[in-house]
Amino acid sequence: MNERFKLWGCVLALIIRENKILMILRKNKPDAGNFNLVGGRMEENETVSMAIIREIKEEIGLDATKAEIDVVGSVHRVCPDGWNSIEYVVTVKNLQGEPVNNEPYVCERLEWLPLDNLPENITPYARCAIENFINGIAFFFFFS
């Protein structure tokens, strides 16, 4: 019998303040040198809100609450090395405090980037998530 198809659950946070979005500059592969959103893979028995709350705490040291989180989109991402994911794109409203780089082995730095002037070096699926949020598109398919 063949092994069953595997699908990862992931979360991506759109943390926006004063028309700027918080992004991390990746230090390691596969996205080294590119900006990405705070987020990652969901763990066993985690809900979307539990996963993004955990990722925010782990990556940038801030405490989010379930009430601050809204799912605004999703992406079915297919990668060339054979893995697939469903990534939930969430906004985090009124997140208090200043973020810190809690994962310097993964993240070179954190940066608030202007939504109307994003740099070229953003991972393509993160760029799609941001643009789709701005344009009110709730779902998209992404093949990388």
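The numbers here are math on the coordinates, done by the rules we state, and not lab data. All values derive from a computational prediction rather than experimental measurement. Note that we place each Cβ from the backbone using ideal geometry, even for glycine, and neighbour counts take in every protein chain shown.
A Cβ-based charge dipole, computed about the Cα centre of the range 7-143 with Lys and Arg at +1 and Asp and Glu at -1, lands at about 120 debye. Applied to the range 84-89, the Karplus parametrisation 6.51 cos²θ - 1.76 cosθ + 1.60 on θ = phi - 60° returns per-residue 3J(HN,Hα) values of 10, 9, 9, 10, 8, 9 Hz, with x for Gly and Pro. Once the Kirkwood radius over Cα pairs is known for the range 7-143, the Stokes-Einstein relation at 10 °C and 1.306 mPa s delivers a diffusion coefficient of 106 µm²/s. A Gaussian network model of the chain, with springs between Cα atoms under 10 Å, assigns the largest mean-square fluctuation among Lys66, Lys93, Lys57 to Lys66. Taking Cβ atoms as reference points and 12 Å as the exclusive limit, the residues near Lys57 contribute a net charge of -4, counting Lys and Arg as +1 and Asp and Glu as -1. Mean residue ellipticity, 222 nm, helices only, the chain: the sum of -39500 (n - 2.57) across DSSP H runs of n ≥ 4, divided by residue count and rounded to 500, is -5500 deg cm²/dmol. Using Cα centres only, tell me the gap between the range 7-31 and the range 76-144 in whole Å. With the range 7-31 and the range 76-144 each reduced to a Cα centre, they are spaced 4 Å.
Looking at the square roots a ≥ b ≥ c of the eigenvalues of the Cα gyration tensor of the range 1-85, which shape do they give, rounded for a/c under 1.5, prolate if a/b is larger than b/c, or oblate? Verdict is oblate for the range 1-85. A simple spin-label model places pseudo-atoms 7 Å from Cα toward Cβ; at Arg17 and Glu108 they are separated by 2.3 nm.
When you count the other C-beta atoms within 10 angstrom of each residue and take the mean per peptide, 122-130, 95-103 line up highest first as 122-130, 95-103. The angle between the Cα long axis of helix 48-60 and the main principal axis of the chain comes to about 50°, on a 0 to 90 degree scale. Residues whose amide H lies under 5 Å from that of Met42, counting only those 5 or more places away or on a different chain, are Gly9, Cys10, Val11; hydrogens are built 1.01 Å from N in the peptide plane. Within the listed set Val71, Val89, Val48, the Gaussian network model of the chain (springs between alpha-carbon atoms below 10 Å) gives the highest mean-square fluctuation for Val71.
Computed over the alpha-carbon atoms, the range 50-130 gives an Rg to Rh ratio of 0.96, Rh here being the Kirkwood radius from the mean inverse distance. Among DSSP beta bridges lying fully in the chain, give the percent that are antiparallel, nearest 5. Approximately 65 percent, going by the DSSP bridge assignments.
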